[in-house]
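S.K.: Pasting a structure here, questions to come.
Just so it is clear, none of the values below were taken in a lab; they were calculated from the coordinates. What you see is a predicted model, and the numbers here were worked out from it, not measured in a lab. FYI the Cβ positions are ideal-geometry reconstructions off the backbone, even for glycines, and counts take in every protein chain you see.
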Amino acid sequence: MRPSLKIRNTFSSDYVGNPTAGAVNVPVRNTDVTIRDYDIKNGLTLEQSATDYKNIPITKNKGINELIDGYEAAAVPDNLMAQRIESASYSSAKTLEDDAINALLTTNTASTQADCTKDNVYENIVKDIANIAKLGVDKNRMYVAISYDIETMLLTDEKYSNTASQIGAELAREGVVNKINGVKVITQDLGEDVEYIVYATEWCQKIDEWKVNPVVVDLTTGSSEFIGASALKGRFVYEDVVTDAKAVIVKKKSA
């Protein structure tokens, strides 16, 4: 089986409302609750909450409709059915993953680090982790997505390679390959010129309205056009969005 979702599985689903209505509201809060001195005589003045809600419309609507001519649904050979359903599942997952990556690349803060080399790549990532941690984000709620080229560089760094064996089986199943400064690392194809992405999951939202899993359907019954034919069908409606650019740092090659 080919690998499927990695980055999108780390996104949060902290929205309010029903996605089937066509849009949801995502809570957006850029400041924490303030702690002030309490006056025993006069009490404490009421402070307005800074929480706001961002309306997110559901815009992505994808489908699969592939003719399997020569077979009714009940007669499709098991090996052919398994191959097409596996292919449909992979293509669906790749579409979802690519859209999640695109959300990170659309709303973000550009890294100010120099282009990565095998000598500075580990330090670059550590610095950008620190930049997001300074916003008050716990490292357990952060991820680093690295390209395969960056992974090759990191494997020559002793600080990185010596900790790879500490990743447990559960994290490995989730696609985590290592940790850098306590932050989980995922390897993925991030697109041309993208070296790595550091992001906080609370500001990265995945919204799944509904889906019809890939299935082989008989087209013969009740059809005036198809005889002895079936089709692979599926559909999914969803949205991926980053609600705060400060929560995502993207390092692209500048040279």
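S.K.: Considering only Gly234, Tyr38, Tyr160, whose Cα is most displaced toward the positive end of the charge dipole of the chain, charges sitting on Cβ of Lys, Arg (+1) and Asp, Glu (-1)?
M.R.: My answer, from the dipole projection, is Tyr38.
S.K.: Taking the Cα centre as origin and putting +1 on Lys and Arg beta-carbons and -1 on Asp and Glu beta-carbons, what dipole magnitude results for the chain, to the nearest 20 debye? Walk me through the numbers before you get to the answer.
M.R.: Working: 28 positive and 37 negative charges, 99 e Å.
Using Cβ point charges on Lys, Arg, Asp and Glu, the chain gives about 480 debye.
S.K.: If I take R0 = 45 Å and measure r between the Cβ atoms of Asp119 and Asp98 in this structure, what FRET efficiency does the formula 1/(1 + (r/R0)^6) give, to the nearest 0.05? Before the final figure, lay out the partial values.
M.R.: Working: r = 31 Å, r/R0 = 0.70.
Approximately 0.90, to the nearest 0.05.
S.K.: When the dipole is taken about the Cα centre of region 62-139, and only Lys, Arg (+1) and Asp, Glu (-1) are charged at their Cβ, what size is it in debye, to the nearest 20? Intermediate results must be reported in sequence, preceding the final value.
M.R.: Values: 7 positive and 13 negative charges, 83 e Å.
So the dipole magnitude of region 62-139 works out to roughly 400 debye.
S.K.: Here's something else I'd like to know. What does the highest-first list of 133-145, 77-89 look like by mean Cβ count within 10 Å?
M.R.: Numbers: 133-145: 15.9, 77-89: 13.2.
Answer by packing, highest mean first, reads 133-145, 77-89.
S.K.: To the nearest 0.05, what FRET efficiency results for Ala74 and Ser12 with a Förster distance of 41 Å applied to their C-beta separation?
M.R.: Numbers: r = 42 Å, r/R0 = 1.02.
Efficiency for this residue pair is about 0.45.
S.K.: Provide the gained length on full extension for the span Tyr148 to Lys134, in nm with one decimal, where the gain is 0.36 nm per separating residue minus the Cα-Cα distance. Don't skip to the answer; put the middle values down first.
M.R.: On the way: separation 14, 0.36 × 14 = 5.04 nm, distance 2.75 nm.
Going from the current span to full extension adds 2.3 nm.
S.K.: Would you calculate, for the chain, the mean residue ellipticity at 222 nm contributed by helices, counting each DSSP H stretch of 4 or more residues as -39,500 (n - 2.57) and dividing by all residues, to the nearest 500?
M.R.: Values: 5 runs with 58 residues, N = 255.
Helix contribution divided over all residues of the chain: -7000 deg cm²/dmol.
S.K.: Further, regarding this structure: Calculate how many DSSP beta bridges within the chain are antiparallel, expressed in % of all such bridges and rounded to the nearest 5. Don't skip to the answer; put the middle values down first.
M.R.: Values: 44 of 51 bridges.
Expressed as a percentage, antiparallel bridges in the chain total about 85.
S.K.: Related question: When you count, for each residue, the other Cβ atoms within 10 Å and take the mean per peptide, how do 8-15, 63-70 rank with the highest first?
M.R.: Values: 8-15: 17.5, 63-70: 13.1.
For the peptides 8-15, 63-70, the packing ranking is 8-15, 63-70.
S.K.: What is the gain in length, in nm to one decimal, between Tyr38 and Asn162 on full extension, counting 0.36 nm per residue of separation less the C-alpha to C-alpha distance?
M.R.: On the way: separation 124, 0.36 × 124 = 44.64 nm, distance 5.01 nm.
Separation in residues times 0.36 nm, less the Cα-Cα distance, equals 39.6 nm.
S.K.: How large, in Å, is the chain by the Kirkwood hydrodynamic radius built from its alpha-carbon pairs? Display every interim value, and only then the final one.
M.R.: Working: mean 1/r = 0.0473 Å⁻¹.
For the chain, the Kirkwood estimate is 21.1 Å.
S.K.: Report, in debye and to the nearest 20, how large the dipole of region 198-247 comes out about its Cα centre when Lys and Arg carry +1 and Asp and Glu carry -1 on their Cβ.
M.R.: On the way: 5 positive and 8 negative charges, 21 e Å.
That gives region 198-247 a dipole magnitude of about 100 debye.
S.K.: Can you give the FRET efficiency for Lys127 and Asn55, using 1/(1 + (r/R0)^6), R0 = 35 Å, r = Cβ-Cβ distance, to the nearest 0.05? Please list the in-between numbers first.
M.R.: Working: r = 35 Å, r/R0 = 0.99.
That pair, Lys127 with Asn55, gives E of 0.50.
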